[in-house]
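> I'd like to ask you about the structure that follows.
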Amino acid sequence: MEQKLKMCCDMARALEFMHSLNPPLMHRDFKSHNCLVVSKKPTDPVMVKLSDFGLTVAGTFSVGREVDNCLWLAIEVMRGLEYTTKVDIYSLGITMWELLTAKDPFSEYGITFLSTLEGQIVD
């Protein structure tokens, strides 16, 4: 559990850094698959490094959806509304939940088609 909490802190610090820049950077594709777990030596504790900045934008607000996978997306992105860096924080929360529970997001719905699942999430 201690290692998982450290990993959560590493992810949060990465977003804190991006969001504190002027102008702030929105990752917009934050998910567990874009969090790399690394260690300098086998005896060192692991740390999390953020990757895949292909959809990152600078600014306070944004509109538009670039990601089809709804599991980590905030509702305002799915609805096509204007959004802020807070969408990254939503994705961080889903990723932390995933790490701490060792479950896939929204697996309790038992839905395999993401388009159907997205409707359930938005509702």
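> Taking the range 85-104 on its own, how many of its residues are under 21 Å from L15 (Cα atoms) and part of a loop (DSSP other than H, G, I, E, B)? Even if it seems obvious, please write down each step before you answer.
Keep residues of the range 85-104 that are under 21 Å from L15 (Cα atoms), which gives 85-100.
The next check asks that each one be part of a loop (DSSP other than H, G, I, E, B); those that pass are 85.
The total comes to 1.
> Does the range 58-85 hold any residues that are farther than 23 Å from L36 by Cβ, of a type in the set (A, V, I, L, M) and loosely packed, with under 13 Cβ neighbours inside 10 Å, and which are they?
Result: V63, L81.
> Another one. Does D88 satisfy being open to solvent by less than 70 Å² (accessible area, probe 1.4 Å) and closer than 15 Å to L25 by Cα? Quick ask: steps written out before the conclusion?
On the way: open to solvent by less than 70 Å² (accessible area, probe 1.4 Å): yes; closer than 15 Å to L25 by Cα: yes.
When the stated conditions are applied, D88 passes them.
> Being among the basic types (K, R) and over 24 Å from F106 (Cβ atoms), is that true of even one residue in the range 56-77? Steps first, please.
Step one: list which residues in the range 56-77 are among the basic types (K, R), which gives 65.
Then keep just the ones that are over 24 Å from F106 (Cβ atoms); that gives none.
Looking for residues that are among the basic types (K, R) and over 24 Å from F106 (Cβ atoms), one finds none in the range 56-77, hence no.
> Turning to a different aspect of this structure: Quick one: T101 ticks every box in (1) without any contact (Cβ under 8 Å) to a residue 24 or more places away in the chain; (2) within 15 Å of the chain's Cα centre (by Cα) bar one, so which box is it?
(2)
> Could you tell me which of the residues S62, S107, S115 is out of contact with any helix residue (DSSP H, G or I) (no Cβ under 8 Å at 6 or more places or on another chain), under 22 Å from L15 (Cα atoms), among the polar types (S, T, N, Q) and modelled with pLDDT under 90? Can you show your working first?
Values: S107 fails: under 22 Å from L15 (Cα atoms); S115 fails: under 22 Å from L15 (Cα atoms).
Exactly one residue qualifies, and that residue is S62.
> Take the residues of the range 91-119 that are within 21 Å of K6 (Cβ to Cβ) and hydrophobic (A, V, I, L, M, F, W, C): which is surrounded by the fewest Cβ atoms within 10 Å (Cβ to Cβ)?
Filtering the range 91-119 for residues that are within 21 Å of K6 (Cβ to Cβ) and hydrophobic (A, V, I, L, M, F, W, C), the one surrounded by the fewest Cβ atoms within 10 Å (Cβ to Cβ) comes out as A102.
> Tell me which residues, restricted to the range 25-49, are in contact (Cβ under 8 Å) with a residue 24 or more places away in the chain and not in a loop (DSSP other than H, G, I, E, B).
Step one: list which residues in the range 25-49 are in contact (Cβ under 8 Å) with a residue 24 or more places away in the chain, which gives 25-32, 35, 37, 45-49.
The answer is L25, M26, S32, C35, V37, M47, V48, K49.
> Looking at the range 42-57, which of its residues are farther than 18 Å from D10 by Cα and either open to solvent by 80 Å² or more (accessible area, probe 1.4 Å) or modelled with pLDDT of 95 or more (or both)? Spell out the reasoning first.
If we filter the range 42-57 for residues that are farther than 18 Å from D10 by Cα, which is where we start, we get 42-43, 54-57.
Matches in the range 42-57: P42, T43.
> Within the range 1-24, which residues are under 25 Å from I75 (Cβ atoms), in contact (Cβ under 8 Å) with a residue 60 or more places away in the chain and aliphatic (A, V, I, L, M)?
Of everything in the range 1-24, those that are under 25 Å from I75 (Cβ atoms), in contact (Cβ under 8 Å) with a residue 60 or more places away in the chain and aliphatic (A, V, I, L, M) turn out to be M11, A12, L15, M18.
The values are calculated or read from the model by the stated rules, or taken from the named source; none is laboratory data. As the structure is a prediction and not an experimental result, all values here were calculated from the model. In this analysis, Cβ positions are derived from the backbone assuming ideal geometry, glycine residues included, and neighbour counts consider all displayed protein chains. With ligands, DNA and RNA removed, areas are computed over all heavy atoms of the protein, side chains included. Shrake-Rupley method; radii C 1.70, N 1.55, O 1.52, S 1.80 Å.
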